[in-house]
Amino acid sequence: MIPIIAARVGLIAVAACVASPAFAGPAFGVKPGAPISSVKVLSSLSGRYFDIAPPSPNKAFSRYTVVATKETGICQVWAETTYKPAPDRVAFGKLHSTLVTLYGPASSYPGEAYYEAGMDAGWSSKLPPGIKAIDLYHSKSDQGYLVVLAYTFTNYRACRLKGLGAARDGL
């Protein structure tokens with residue numbers, strides 16, 4: 001669902017968090033299409049990926065990354081955190097429940113049976129303006145269990161195409 005994240009992080013690992021009462025705005029306060037200068041950049045990762053301090057962080061996450069190009073602005077933001085040992089199902093369920101309260105039932109959600117393999121829940125309808133999809137997932141990594149909550153904006157395709165540049169010619 002989110003190839004950019006998969007490419008950067010490799011196999012995404014488990015994510016569980018203590019749900020906050022409510023997010024202080026969709027996408028941690030990062031606005032779809034906003035220039036990268038609109039957020040506090042902590043580091044640049046290959047010129048299109050930026051670790052940031054978001055306007056509205058959530059205490060469940062320890063790292064925030066955006067994808068942006070000069071032409072399209074910010075097209076994706078994700079938050080992640082790593083747990084050692086693995087977070088329990090209850091913690092992950094609380095985060096999922098908070099997202100259901102905010103955005104309605106997930107469009108895709110394999111349920112409890114898939115928890116060990118890496119739960120994935122996705123929302124693609126009834127979302128705030130400018131947001132194309134929201135994905136919540138986890139999996140195991142070398143560092144522990146990584147939980148990721150990603151917001152993909154409606155300008156993502158244009159952003160992705162700009163990032164490919166000449167590599168897409170003839171394809």
Just grab the label-to-label distance for SER62 and LEU45, each label 7 Å out from Cα along the Cβ direction, in nm (one decimal). 1.4
So for the pair LYS84, SER141, with labels modelled 7 Å out along Cα→Cβ, what separation do we get in nm? 1.3
Reachable lysines from LYS126, criterion Cα separation under 30 angstrom, eight or more residues apart if same chain: LYS31, LYS40, LYS59, LYS70, LYS94, LYS162
Among SER139, SER108, rank each residue by its count of other Cβ atoms within 10 Å, from fewest to most, as a rough exposure measure. SER108, SER139
Residue by residue through the range 53-62, the couplings from Karplus 6.51 cos²θ - 1.76 cosθ + 1.60 with θ = phi - 60°, in Hz, x for Gly and Pro, are 9, x, x, 10, x, 10, 4, 6, 10, 10
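Quick note: the coordinates plus some simple rules give every number you see, no bench work behind them. Just so you know, these numbers come straight off a predicted model, no measurement behind them. Quick reminder, even Gly has a Cβ in these numbers, built from the backbone with ideal geometry, and neighbours come from all protein chains shown.
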